[in-house]
Amino acid sequence: MARTALVTGGSRGIGAAISQALKAQGCTVAATYAGNDEAAAKFTEETGIKTYKWNVGSYEDSAAGIAKVEEELGPIDIVVANAGITRDAPFHKMTPQQWQEVIDTNLTGVFNTVHPVWPGMRERKFGRVIVISSINGQKGQFAQVNYAATKAGDLGIVKSLAQEGARAGITANAVCPGYIATEMVMAVPEKVRESIIGQIPAGRLGEPEEIARCVAFLASDDSGFINGSTISANGAQFFV
């Protein structure tokens, strides 16, 4: 049965790999983006995956965007809450604005994305909610109090939704990527990148497609008894 999937932040990086993996699995995919119109248009041209622009930090924008997706593509069965930002600074230098911007996108954005589709999932007795958290939500990170707090909070959301949704056929799980070879990571100075790789027992960065395969499994019918779980995909860098 064909499913409709929504991937926030789904036109670049890990999100783009997830969007393409779900399409390859037979889903009709909608990918959201926040601001890069050119990149989104190129992604749609290359993949055939429709893109939609809205701010996941706004409930009103999210609800309106989701309504448009469901009008055009059908009821959303799978939600991948992937959109995220960083505003890094040591805690003593972190501003309230840096804190709030990350909270709005990475934590409140998950609520804003899942809440509008939750009643439909309950009614249809099927749903897959996958939240992209982070290794830094599991272990913390210097200069990322805001980011780590949101990613840890995302894991709490998943554990709670799993308990609420289980009897309605809804699963909620998280994936915690380690350091992945995205544009952002590849743009850091080579010495810094080498230092990062030196902390990974696998001896390399992960690939976006490796995270996408985790998501594709959690989105499938085969994962129905996996609920409230976290997949740590980090090359053995950190264990929970």
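Could you name the lysines in cross-link range of Lys151, using Cα to Cα under 20 Å and dropping any fewer than eight places away on the same chain?
Result set, ordered by chain and number: Lys139, Lys159.
Taking the Cβ of Ile130 as the centre, find all other residues whose Cβ is under 13 Å away and add up their charges (Lys, Arg: +1; Asp, Glu: -1).
Overall, the nearby charge balance is +1.
Considering only C-alpha atoms, what is the centroid distance from the range 1-40 to the range 47-61, in Å?
Measuring centre to centre over Cα atoms gives 10 Å.
For the charge dipole of the chain, defined by +1 on Lys and Arg C-beta atoms and -1 on Asp and Glu C-beta atoms about the Cα centroid, which residue among Met184, Ala172, Ile76 has the Cα displaced farthest towards the positive pole?
Of the listed residues, the answer is Ala172.
Be a star and scan the range 177-193 for residues whose amide nitrogen sits under 19 Å from the point 7 Å along the Cα-to-Cβ vector of Glu38.
Once the point is set 7 Å along Cα→Cβ of Glu38, 183-184, 187 turn out to lie under 19 Å by backbone N, inside the range 177-193.
Fully extended, how many nm does the chain gain between Met184 and Arg122 (0.36 nm per residue separation, minus their Cα-Cα distance)?
Value of the extension gain: 18.6 nm.
Return the FRET efficiency for the residue pair His115, Ser223: r is the Cβ-Cβ distance, R0 is 22 Å, and the value is rounded to the nearest 0.05.
Numbers: r = 22 Å, r/R0 = 1.01.
The formula returns an efficiency of 0.50 here.
May I ask for the longest run of the chain untouched by trypsin sites (Lys or Arg not before Pro) that are loop-located per DSSP and have at most 12 neighbouring C-beta atoms (other than their own) within 10 Å?
1-124
Apply the a/c threshold of 1.5 to the C-alpha gyration tensor of the chain and tell me whether it is rounded, prolate or oblate.
Verdict is rounded for the chain.
Which length gain, in nm to one decimal place, applies between Gln199 and Ser160 when the Cα-Cα distance is subtracted from 0.36 nm times their residue separation?
My answer for the length gained is 10.8 nm.
Bear in mind these aren't lab numbers, they're just calculated from the coordinates by the rules spelled out. Just so it is clear, the structure is predicted and the values come from calculations on it, not from any experiment. Reconstructed Cβ throughout: ideal geometry from the backbone, glycine too, with neighbour counts over all protein chains shown.
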